[in-house]
Amino acid sequence: MAADSQGNDITAVAIPITGAVAHAPVDEKNVISAADGNDRDLKLVEDYPDYTKLGLFKSDGGVEDTVDGGDSQQFFQEGYELAGDATLGFTVGLAQNDPGVVEFVAGKPLDDNNSMLVSDAFRKEPFLAWQETMFKNKTIRRRNGVAIITAVATDKDERGSVKGRTVTCKWLPSPLFDGEKYREWLIPAPAADTEEK
């Protein structure tokens, strides 16, 4: 459907319906190619087997972008200012509490006795992050870049409620992405779904 007489297109409204977050070691072979990321039928873990998906999110825990504009530089002369360097990041509310999520947060796996020695709240090493959000209008947004965990908030024990973790990450500039912070795809709905009926 095209824009109406007022220039509005209700089919362009972004209403998330599902999504995924995955991680992999920082390695050139794990960088999703521009062409692969644009493929609606990409099978991430089959095509890039070093990635591990983080499973279910809490109902209110989908990916949320965070932006900090940074401190701007002001000058003595009025009206002159340089913008600060933006810090881009995201948070996600992970619902699952399984070895895969534990290893992602801690940066190391459980041992053969299902235990680990804990010395910090979360991993300090960067990782390759993958995000995918599918919208009701059948568009898909994907992102791939190097990230690092900056905070983890674990839900309190509450009877009958999901005990998850809200993980906050920051995108890092990387030579794997030409010094940028991540690659983003916005894949439109298939042509057959956008034709006016």
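Values quoted throughout were computed directly from the atomic coordinates according to the rules given, and no laboratory measurement underlies them. Quantities reported herein were computed from a predicted structural model and do not represent experimental measurements. Glycine gets a Cβ as well: all are built from the backbone with ideal geometry, and neighbour counts include every protein chain shown.
Between Ser33, Ser59, Ser119, the residue with the greatest mean-square fluctuation in the GNM of the chain (Cα pairs under 10 Å linked by springs) is Ser119. For segment 1-62, the Cβ-based charge dipole about the Cα centre amounts to some 220 debye (Lys, Arg positive; Asp, Glu negative; other atoms uncharged). Dipole of the chain computed with +1 at Lys/Arg Cβ and -1 at Asp/Glu Cβ about the Cα centre; of Pro49, Met116, Phe127, farthest Cα towards the positive end is Met116.
Take the Cβ-Cβ distance between Asp47 and Val162 as r, set R0 to 35 Å, and report the resulting FRET efficiency rounded to the nearest 0.05. My answer for the efficiency is 0.70. For the chain, rounded, prolate or oblate, judged on the Cα gyration tensor with a ≥ b ≥ c (square roots of eigenvalues), a/c < 1.5 rounded, else prolate if a/b > b/c? Taking the square roots of the gyration eigenvalues as a ≥ b ≥ c, the chain is oblate.
When the square roots of the Cα gyration tensor eigenvalues are ordered a ≥ b ≥ c, the ratio a/c for segment 1-111 is 1.5 or more and a/b does not exceed b/c, which makes its shape oblate.
Straight-distance candidates among the lysines for linking to Lys29, with alpha-carbon spacing under 26 Å and chain neighbours fewer than 8 residues away dropped: Lys43, Lys53, Lys108, Lys124, Lys170, Lys181. Label separation (Lys108 vs Asp120): 1.1 nm, computed from points 7 Å beyond Cα along the C-beta direction.
Quick one: putting +1 on the C-beta of Lys and Arg, -1 on the C-beta of Asp and Glu, what dipole do you get for the chain around its Cα centre, in Debye to the nearest 20? Numbers along the way, then the final one.
On the way: 21 positive and 34 negative charges, 109 e Å.
With Lys and Arg at +1 and Asp and Glu at -1, about 520 debye.
Would segment 100-197 count as rounded, prolate or oblate if I go by the C-alpha gyration tensor, calling it rounded below 1.5 in a/c and otherwise prolate when a/b exceeds b/c, oblate otherwise? Walk me through the numbers on the way to the answer.
Values: a/c = 2.90, a/b = 1.58, b/c = 1.83.
The shape class here is oblate.
The label point for Asp60 and the one for Asp39, both projected 7 Å from the Cα toward the Cβ, are 3.9 nm apart.
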